[in-house]
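Structure first, commentary second.
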Amino acid sequence: MDYHWNWAIFGELSPDGVNTYWQMLLSGLGWTLATSLAGWVMALALGALAGIARTLPQRPLRMAAGAYIELFRNVPLLVQMFLWFFVVPELLPRAAGDWLKALPQAPFVTAVICLGFFTSARVAVQVAAGVDALAGGQAQAALALGLTRPQAYRYVLLPLAVRIVLPPLASEFLNIIKNSSVALTIGLVELTASARAIQEFSFQVFEAYAAATVLYVAVNLAVTAGMNVLERRLALPGSLGAR
């Protein structure tokens, strides 16, 4: 294979004449992290609510939570990304749709919303599984002590459930970082899009994607290490989340 390797390409100026190719990659990494973190905060909030609703005794709430989960879990992420970016603004009232399309960072906002809803369905399943994994007597004991059902969830069930589902939640966090690469299809210049731009400008295909791969691996290893530390600190002796 006749290929000219050139790792020095990252020190050269990109076509904008201002940043080097390495700075372009770092900028893409910044957008990846910003998109992932914002989407993760949204996913945790919505997923926790849907997961709790799925374990409540009220059947309508359980059915609504189940429908929410199945809707966002079963539609491919790429399809959802296109729907949020191209279809939803057209379905909104004209003023709202025009405002949304005119946002200076419309691809970023769209990517955050899409990743938030998509991942929240998966988080909801984890939260519901964590609550269901607890001994049934804990909820009854909390209610018998005079706690309301919201208080029972806040002070008893959720703190224990979080310790159980922290490992799968860590996996979902890693997934949202990787899934953020889909946002390149709507124009967000995140890490994968930056690597592709470098490849198109410089024709150094392997170097561009190798550097992006190293950055993805480094970020995911850092997240994994942080979640392992958090898991050990939150684990309770004798609980399902303890080691």
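The values are calculated or read from the model by the stated rules, or taken from the named source; none is laboratory data. None of the values given here were measured: they were computed from a predicted structure. Every residue, glycine among them, receives a Cβ derived from its backbone with ideal geometry; neighbour counts consider all protein chains shown. Quick note on the areas: whole protein, heavy atoms, side chains included, nothing else; ligands and nucleic acids left out. Shrake-Rupley method; radii C 1.70, N 1.55, O 1.52, S 1.80 Å.
A few comments on the model shown:
- Solvent exposure ordering (accessible area, 1.4 Å, most first) of TYR21, TYR209: TYR209, TYR21
- Pairwise centroid distance, computed over Cα atoms, of the range 71-86 with the range 41-66, Å: 20 Å
- For VAL223, VAL123, the ranking by accessible surface with the largest value first comes to VAL223, VAL123, using a 1.4 Å probe.
- ARG73 accessible area, assembled protein chains, probe 1.4 Å, Å²: 90 Å²
- Separation between Cα centres of the range 99-125 and the range 162-203, rounded to whole Å: 13 Å
- Cβ-placed point charges (K, R +1; D, E -1), dipole of the chain about Cα centre in debye, nearest 20: 1300 debye
- Annotation: ILE69 carries an accessible surface of approximately 0 Å², with a 1.4 Å probe and no ligand, DNA or RNA atoms counted.
- Here the contact order of the chain, divided by its residue count and restricted to Cα pairs under 8 Å and six or more residues apart, works out to 27 percent.
- Leading residue at positive end of dipole, the chain (Cβ point charges), from LEU49, THR110, GLY97: LEU49
- Solvent accessible area, Å² - PHE173, 1.4 Å probe, full protein context: 30 Å²
- Accessible area per residue (1.4 Å probe, heavy atoms of protein chains only) ranks TRP22, TRP84 as TRP22, TRP84, with the largest value leading.
- Directionally averaged projected area (the range 28-82, Cα convex hull): 4.4 nm².
- Ligands, DNA and RNA left out, the accessible area of the range 157-243 computed with a 1.4 Å probe is 67% carbon and sulfur.
- Screening the chain for DSSP H helices whose Cα atoms reach 18 Å or more along their own axis and whose mean Kyte hydropathy is at least 0.5 gives 21-54, 106-133, 158-179, 205-234.
- Portion, in percent, of the accessible area of the range 1-122 that falls on carbon or sulfur, probe 1.4 Å: 70 percent
- In the context of the full set of protein chains, residues of the chain present 53 Å² of accessible surface per residue (probe radius 1.4 Å, heavy atoms only).
- Label corresponding to Cα extents along the principal axes in Å when calculated from the structure given, among (i) 66, 36, 31; (ii) 71, 51, 31; (iii) 59, 43, 37: (ii)
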